[in-house]
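Worksheet: the structure to be examined is printed underneath.
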Amino acid sequence: MNILFIGAHPDDLEILCGGTIAKCVGEGHDVWMAVATNGNVGSPTLSKAEIGAIRKEEATAASKALGAKGLIWLDEDDEFLFDDLRTRMKFVDAARQAQADIIVTHNPNDYHTDHIACSKLATDARILSAVRLIETDRAHLPKTPELFYMDSVAGIQFLPQFYVDISGTFQTKVEALLCHKSQDQWLRSIFNQSITEIIRIQSAFRGLQVGVSFAEAFLAPTYWPKQAISLPFLSP
Ligand SMILES: [Zn+2]
């Protein structure tokens, strides 16, 4: 299967579903990672251009650490992701580039405006990506992809329906996250502790809920038509 993970910022996918990405890759699926914004305000000292370039390098390294087939860099300005025509078409084209059978993105109920916009854009692009007369650089998909929402940071306001056991790929998740070196101090100032400690706690907590060492949590939105649940490795 082709699985497209779409995050708003260069480190969101690693934080919220890096273990699942590595597990899907390990089981032979083609995984694409798309990043909607370029992270160009994520520094207390560097210019937008400087930090944007660094964050693209870090995201590329992290996608390689997870074994993704490709990184799709959508290059919108950090903190200014909007659901408009131009951006929606970028998301549609990303789904087509990945030939997505499954799209995984942020939960719509989230603390950050870019996460909420990304969730809306990916949710809407899912349907449009399979419509022939909606034209982008690439041909329409043969079938509407399935859609899943990943956990929120710290699991707040997120009631999981599915879990992926990431006990075997948790270390790879940590290594991918550590590729985002420029964010260490920045995230520490935002969250008041290291991001690796936060993901260890969250992954262990989700693991506790299903009886494994580490897990990541997901939702399937209940839209019509009801989709088949075929994201690999989900266990109730
Ligand atoms: Zn984010």
**Asked** Pulled fully out, how much extra length does the chain show between residue 226 and residue 124, if you take 0.36 nm times their separation in residues and subtract their Cα-Cα distance?
**Response** 35.1 nm
**Request:** Can you send over the carbon and sulfur percentage of the accessible area for the chain, probe radius 1.4 Å, protein chains only?
**Result:** 56 percent
**Protection proxy ranking, peptides 72-83, 8-19, average beta carbon neighbours within 10 Å, highest first** = 8-19, 72-83
**Complete:** Per residue, accessible area of region 1-132 with a 1.4 Å probe, heavy atoms of protein chains only, in Å², comes to 36 Å²
**Item:** Calculated FRET value between residue 82 and residue 41, using beta carbons and R₀ = 22 Å, to 0.05
**Value:** 0.90
**Asked** When the Karplus curve 6.51 cos²θ - 1.76 cosθ + 1.60 is applied with θ = phi - 60°, which whole-Hz ³J(HN,Hα) does each residue of region 13-25 get, with x for Gly and Pro?
**Response** 5, 5, 5, 9, 8, x, x, 5, 4, 4, 5, 4, 4
**Request:** Under 19 Å between C-alpha atoms is the cut-off here; go through the chain and count lysine pairs that meet it, provided they're at least eight residues apart or on different chains.
**Result:** 19
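The values are calculated or read from the model by the stated rules, or taken from the named source; none is laboratory data. Treat the numbers as computed from the prediction; the structure is a model and nothing was measured. FYI the Cβ positions are ideal-geometry reconstructions off the backbone, even for glycines, and counts take in every protein chain you see. These area figures cover heavy atoms from the full protein model, side chains too; ligands, DNA and RNA do not enter into them. Shrake-Rupley method; radii C 1.70, N 1.55, O 1.52, S 1.80 Å.
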